[in-house]
1. For a protection proxy built on the mean count of beta-carbon atoms within 10 angstrom, sort 639-648, 726-735 highest first, please.
2. Give me the dipole magnitude in Debye, nearest 20, for region 98-300 about the Cα centre, with unit charges on the beta carbon: positive for Lys and Arg, negative for Asp and Glu.
3. From the phi of every residue in region 739-752, what ³J(HN,Hα) in whole Hz does the Karplus formula 6.51 cos²θ - 1.76 cosθ + 1.60 yield, where θ is phi - 60° and glycine or proline is x?
4. Return the FRET efficiency for the residue pair VAL188, ASP108: r is the Cβ-Cβ distance, R0 is 30 Å, and the value is rounded to the nearest 0.05.
5. Any idea how far apart GLU682 and SER420 come out in nm if each label point goes 7 Å out from Cα toward Cβ?
6. If we restrict to alpha carbons, what Rg and Dmax does region 493-612 come to, in Å?
7. Karplus couplings for region 268-282 from phi (6.51 cos²θ - 1.76 cosθ + 1.60, θ = phi - 60°), rounded to Hz, Gly and Pro as x?
8. Over all directions, the average projected area of the alpha-carbon convex hull for region 98-300 comes to how many nm²?
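No lab work stands behind these numbers, since they all come straight from the coordinates. Just so it is clear, the model here is predicted, and its values are computed rather than measured. We place every Cβ from the backbone using ideal geometry, glycine too, and count neighbours over all the protein chains shown.
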Amino acid sequence: MTTKLPKEKKETKEIVPLTISDIAGIALRTLKLLVDFGAIVVFLLGVLGAGLGLGYVASLFDSVTMPDSTKLVQQVTEVSRISKVVYSDGSLVSEISSDLLRAPVNGDAISDNVKHAVIATEDATFESHTGVVPKAVLRAALGSAGVGSSSGGSTLTQQLIKQQIVGDAPTFSRKANEIISALALERVMSKEEILTTYLNVSPFGRNNQGRNIAGIEEAARGIFGKSAKDLTIPQAAFIAGLPQSPIVYSPYTASGGFKSEEDMAYGIERSKDVLFNMYRSGYINKEDYETYLAYDIKKDFIAPAPILKDTKDYLYYAVLSEAEDIMYRYLIKRDQVSSQDLKNDETVKAYKDLAKQALSQGGYTVTSTVNKNIYGAMQSVVANYGGVLDSGGGLVETGSVLLDNRTGAILGFVGGRDYSSNQNNHALNTKRSPGSTIKPFLAYGVAIDQGLMGSASVLSNYPTTFSDGTPIMHVNSRGTGMMTLQNALNVSANIPAFWTYKMLRNAGVDVKSYMDKMNYDIDLYDIESLPLGGGVETTVAANTNAYQALANGGVYNENYIVEKITAHDGTVIYQHEAKPVQVYSKATSSIMMMLLRAALASGETSTFSSRLAGINPQASASDLVGKTGTSNDTVDVWLMLATPRITLGTWAGHDDNTGMEFLAGYHNNSAYVAYLTSAIYEASPELFEGRFELDDSVIASSVLASTGTRPATVQVNGVPITPGGAMTTSYWAKNGAPITDYKFMIGGTDGDYAKAWSTFAPPAPPKPKPKSSSSKTSSSSDTKPSSSSESKH
């Protein structure tokens with residue numbers, strides 16, 4: 001029998017509206033769920049981040065090679081070696097100033113007070129750890145993944161490795177190296193040996209002479225006037241606090257005097273922190289701590305005794321500056337520092353400091369390119385004949401650079417009149433207006449290289465203005481008429497250079513690319529006065545380098561003063577490698593040398609040639625080319641010279657940019673450079689051998705001297721005119737000379753061309769006599785222009 005179940009009765013629940021307290025309760029429960037969920041997410045991300053960090057750290061450690069124990073001990077215990085700068089022949093220029101006094105001592109010559117103070121402050125677990133503190137390594141690992149800080153307390157062993165081997169760059173790869181080396185060092189050196197070595201190499205600020213000091217013995221003697229074994233607890237506490245920030249905490253200034261009360265307070269407060277650390281670590285009791293805390297440590301500082309001023313000169317600092325840049329790049333490459341790491345200013349600073357330290361204390365030999373005899377001769381000239389430069393307002397400064405054309409090596413230079421009174425290096429660092437020296441390589445050299453100009457081209461020197469209406473002047477002249485390129489260079493006329501540069505711009509020539517190849521720094525290329533030296537400043541070295549390129553077959557070799565750097569074991573860590581750049585064609589170079597030879601010999605802007613002939617006929621007989629330059633108001637005067645082997649650039653002027661006498665370049669600088677050239681010749685006459693020759697690729701065109709172009713008949717206002725007169729050879733780097741057309745000149749306005757063609761117009765014919773029949777004349781369009789043949793020279 002089947003029992004029939006009754007149908008379920010559907011219930012209807014009454015909807016009760018939510019109260020405010022109900023809503024609040026729901027909100028709180030929801031918020032708690034979200035917080036719990038967020039905490040879980042953060043935890044998981046943290047675990048993931050830590051895992052990633054640890055994985056990253058593991059990969060870094062995996063890439064570190066375990067150091068050789070013998071070499072490691074040698075590296076950390078090696079105190080310092082004297083480095084030096086030498087001339088190209090190996091003779092000494094100077095030892096590199098380490099400005100660092102250090103006198104290593106044995107452990108038994110160091111007071112226990114110092115040892116206790118250092119351990120209590122720098123590494124409280126020194127006696128028990130094995131080189132590193134694991135939690136600090138973990139903290140750094142998490143920091144590498146962005147969880148917390150990557151910094152951690154380094155042990156004394158790690159600090160020793162950092163100071164002596166890996167440096168202080170804030171990169172984790174460096175930290176990994178530091179940790180591995182610290183662990184290895186603890187296996188082969190005792191705690192006492194590590195502590196003694198640390199105290200012998202650590203920096204301790206300045207002594208009472210203002211000199212940098214390192215090592216506990218020099219610190220004790222230079223600050224308290226006693227041996228390290230005799231330091232009292234307050235004195236030991238003061239010295240133990242110095243390594244954290246040696247210069248800040250030092251009681252002495254760089255000049256050897258006492259710091260102000262305010263500045264000295266930093267080191268004193270630091271010493272009080274050390275005393276507390278000693279008390280906390282149990283090295284002193286509370287009563288002693290309070291007694292030493294009240295002790296006036298200032299009365300123990302020995303009196304200042306400043307040392308004499310620096311006796312180095314331009315050469316030493318020029319070589320050292322370039323060597324520091326080279327060492328910086330070497331260390332970056334050695335340590336495989338990434339481009340990302342180098343975006344960190346601290347990393348860059350750390351490696352620059354390490355480079356300076358390596359050079360000053362690493363026993364390196366820096367071989368310069370400077371020829372000792374040449375350099376000595378140049379210094380003798382500036383000392384004995386520099387006075388001839390003085391003109392219009394007292395002592396005139398000067399700077400000169402002598403380059404080897406084939407390599408770019410600086411064979412010698414003059415940094416200034418007297419280093420002791422003026423440390424500005426006017427040869428390598430000071431920037432000034434190049435004046436007209438810029439014309440050959442910025443305007444004419446580029447135009448010849450582009451096939452837009454030949455050696456006999458004719459340029460407009462008719463009066464003209466800049467776009468703002470300012471007349472373009474040449475001394476007191478507003479312009480004369482037509483002018484050949486050679487004559488424009490001889491007198492250094494401004495208007496032809498202006499038109500040449502404008503022609504290049506209108507033709508779309510990339511002038512900047514030429515300058516960039518020579519590392520010639522110009523900010524703006526649309527300045528109308530640029531080809532006259534306006535809107536640009538340069539060093540003597542850079543200007544000389546541009547002429548070196550012109551004189552060296554168009555090949556630029558960047559100037560340099562460090563040939564190589566050798567480690568104390570004979571390993572060459574750096575050797576200069578030439579990177580020649582073809583800027584101008586060989587043809588352009590040889591044409592420019594021909595033009596500049598005549599410009600120098602003309603004597604139009606310089607008395608150099610006649611003066612050199614008077615004091616040194618042998619040097620005068622050399623194949624010398626050159627160009628002068630003068631900026632507005634005779635603020636700067638230049639003379640650039642070259643032989644096939646060398647290029648010499650010389651500048652003179654006042655540091656405050658006041659002007660000199662109008663003829664300072666024509667007379668004064670010419671006389672000085674004549675003495676300089678003669679001295680260089682006597683020191684090394686082989687540098688003046690050889691002659692500049694036109695390259696085989698040069699195109700020789702027979703042209704009219706009056707137009708610089710091949711003869712042709714031209715319609716001028718409906719009248720056929722065929723310019724005539726003497727023929728000459730014009731040398732071209734490419735294309736060859738064009739045939740004569742109406743706009744044969746480079747530059748000029750329509751009015752200028754009208755004036756120019758009026759000089760070619762034939763004289764008015766006599767009035768014709770009446771004839772019985774008319775005659776016909778042929779149209780000029782039927783007349784073929786005559787042209788000369790062209791040949792390769």
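1. 639-648, 726-735
2. It comes to approximately 460 debye.
3. 7, 5, 10, 4, 9, 6, 6, 8, x, x, 9, 4, x, 5
4. In this case the efficiency is close to 0.90.
5. 2.4
6. 18.1, 60
7. Listing the rounded values in order: 5, 5, 5, 5, 5, 5, 5, 4, 5, 4, 5, 5, 5, 7, x Hz.
8. About 11.8 nm², averaged over all directions.
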